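The block underneath contains the structure these notes are about, expressed in structure tokens.
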Amino acid sequence: MTVKNDTQWTLGILGGSGLYDLPGLKNPEWVSIDTPWGTPSDDILFAEIGNVRLRFLPRHGRGHALSPSDVNYRANIDALKRAGCTDILSISAVGSLQEAYAPGDFVMVDQFVDRTFKREKSFFGTGCVAHVSVADPICARLSGLAADAAERAGAKVHRATDGQSRTYLAMEGPQFSTKAESHIYRQWGCDVIGMTNMPEAKLAREAELPYATMAMVTDYDCWHVGHGSVDVASVIAVMQKNSVKAQQAVLNLIETLDATPRTNSPLAIETNLDVAIITAPNARDPKRMAMLDAVAGRYLAQ
């Protein structure tokens, strides 16, 4: 399958259930999508607002039935690609590793440290090898537009700026950090910690989909002497307070996209497989290539 290179945005949103109750959704329909990588976390909600096509996927399933380690990240990204997405916005709860990011703040991350170890991290492998660059894993254009939208929604937003990255440490979970781990991650210069955005961001890059993360701070992990250790109740309480701002941020972003004809990402994400697949055509495994029909459809159609 090849996504059409037109000027219309099809925005995939990965996040929690509150995001799917936006006012003004047109033609909402939950659609089941099969993938060669297994079952996605849930059906995908197809809808539109204005000229923007929307694809909402509950990362943990409706009702939050899946732990971060049990999410089928490959199936989720493949399904969003099959659903026609041109871009993906991840909206995620995180812990803060820095004093400056208080619970309730939004952080637009631009870098990741991947400490997960139980998850399938690539669509490629034996039968078709590819080495995709993730030096800059976030689409700066999409991230900037989302940051603007969140600020208009009244959120305090911390952006990545020249010379200062905002780094997301992805841990395996499902347990929260020990204090020793939390202090080590701070020493590394990481800004926030979460359990879901890796390998999600890597897989989006392999699928030639621009990806951005809107990280909503819910706690100070367990390093801060002035705050207690993180627990689910405190996380949910802050998330509920942030839900209105998150919904409004999404609506603001959609309004911006509706007024902005889409062009390819400045990072040339939509064509990055052209310089990533190394296996010679005559050495490629047909079964593997059939599984890549969505994520590498544009490349394979050449």
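Against the definition (hydrophobic (A, V, I, L, M, F, W, C), closer than 27 Å to residue 148 by Cα and either over 21 Å from the mean Cα position of the chain (by Cα) or part of a loop (DSSP other than H, G, I, E, B) (or both)), how does residue 222 come out, yes or no?
Working: hydrophobic (A, V, I, L, M, F, W, C): yes; closer than 27 Å to residue 148 by Cα: no; either over 21 Å from the mean Cα position of the chain (by Cα) or part of a loop (DSSP other than H, G, I, E, B) (or both): yes.
When the stated conditions are applied, residue 222 does not pass them.
Assigned to a strand (DSSP E or B) and under 24 Å from residue 247 (Cβ atoms): is that true of residue 102 in this structure? No, not satisfied. Selection over segment 179-193 of residues that are part of a loop (DSSP other than H, G, I, E, B), more than 17 Å from residue 138 (Cβ to Cβ) and either of a type in the set (Asp, Glu) or modelled with pLDDT under 95 (or both) gives a count of 0. Looking only at residues that are modelled with pLDDT of 95 or more and exposed (fewer than 14 other Cβ atoms within 10 Å of the Cβ) in segment 1-27, which one is farthest from residue 214 (Cα to Cα)? Within segment 1-27, the match that is farthest from residue 214 (Cα to Cα) is 27.
Which of the following residues is at pLDDT below 95 and polar (S, T, N, Q): 164, 111? Steps first, answer last, please.
Working: 111 fails: at pLDDT below 95.
Just a single option satisfies the conditions, and that option is 164.
Filtered by the rule that a residue be crowded, with 19+ Cβ neighbours inside 10 Å and among the aromatic types (Phe, Trp, Tyr), segment 113-151 gives 123, 124. A count restricted to segment 257-278 and to residues that are in a helix (DSSP H, G or I) and under 13 Å from residue 10 (Cα atoms) stands at 2. A Cβ distance below 7 Å, combined with a sequence gap of six or more or placement on separate chains, defines the contacts here; from segment 14-42, residues that are touching a residue at least 40 places away in the same chain (Cβ under 8 Å) reach residues that are part of a loop (DSSP other than H, G, I, E, B) in the pairs 14/59; 15/59; 17/62; 31/43; 33/40; 33/83; 37/72.
Cβ-Cβ contacts under 8 Å between residues 6 or more apart (or on different chains), taken from a first residue in segment 234-248 that is assigned to a helix (DSSP H, G or I) to a second residue that is among the small types (Gly, Ala, Ser) and modelled with pLDDT under 70, are listed as 234/228; 243/18; 246/18; 247/18.
Name the residue, out of 83, 79, 75, 93, that is of a type in the set (Gly, Ala, Ser), at negative phi and touching a Lys or Arg at 6+ places or on another chain (Cβ under 8 Å). Let's see the steps before the verdict.
Values: 79 fails: touching a Lys or Arg at 6+ places or on another chain (Cβ under 8 Å); 75 fails: touching a Lys or Arg at 6+ places or on another chain (Cβ under 8 Å); 93 fails: touching a Lys or Arg at 6+ places or on another chain (Cβ under 8 Å).
Result: 83 is the single residue among 83, 79, 75, 93 that is of a type in the set (Gly, Ala, Ser), at negative phi and touching a Lys or Arg at 6+ places or on another chain (Cβ under 8 Å).
State yes or no: is residue 96 among the hydroxyl-bearing types (Ser, Thr, Tyr), without any contact (Cβ under 8 Å) to a residue 40 or more places away in the chain and either in contact with a Ser or Thr (Cβ under 6 Å, 6 or more places away or on another chain) or crowded, with 19+ Cβ neighbours inside 10 Å (or both)? Show your work before the answer.
Working: among the hydroxyl-bearing types (Ser, Thr, Tyr): yes; without any contact (Cβ under 8 Å) to a residue 40 or more places away in the chain: no; either in contact with a Ser or Thr (Cβ under 6 Å, 6 or more places away or on another chain) or crowded, with 19+ Cβ neighbours inside 10 Å (or both): yes.
Against the criterion (among the hydroxyl-bearing types (Ser, Thr, Tyr), without any contact (Cβ under 8 Å) to a residue 40 or more places away in the chain and either in contact with a Ser or Thr (Cβ under 6 Å, 6 or more places away or on another chain) or crowded, with 19+ Cβ neighbours inside 10 Å (or both)), residue 96 does not qualify.
Of the residues making up segment 35-59, those that are in contact with a helix residue (DSSP H, G or I) (Cβ under 8 Å, 6 or more places away or on another chain), surrounded by fewer than 20 Cβ atoms within 10 Å (Cβ to Cβ) and in a loop (DSSP other than H, G, I, E, B) are 36, 39, 50, 51. Contact annotation: residue pairs with Cβ atoms under 7 Å, 6 or more positions apart or on different chains, pairing a residue in segment 173-195 that is in contact (Cβ under 8 Å) with a residue 60 or more places away in the chain with a partner that is among the polar types (S, T, N, Q) and buried (at least 16 other Cβ atoms within 10 Å of the Cβ), are 190/167; 191/98; 191/167; 192/96; 193/177; 194/92.
The values are calculated or read from the model by the stated rules, or taken from the named source; none is laboratory data. Please read these numbers as outputs of a predicted model, since none were measured by experiment. Positions of Cβ are backbone-derived with ideal geometry, glycine not excepted, and every protein chain shown enters the neighbour counts.
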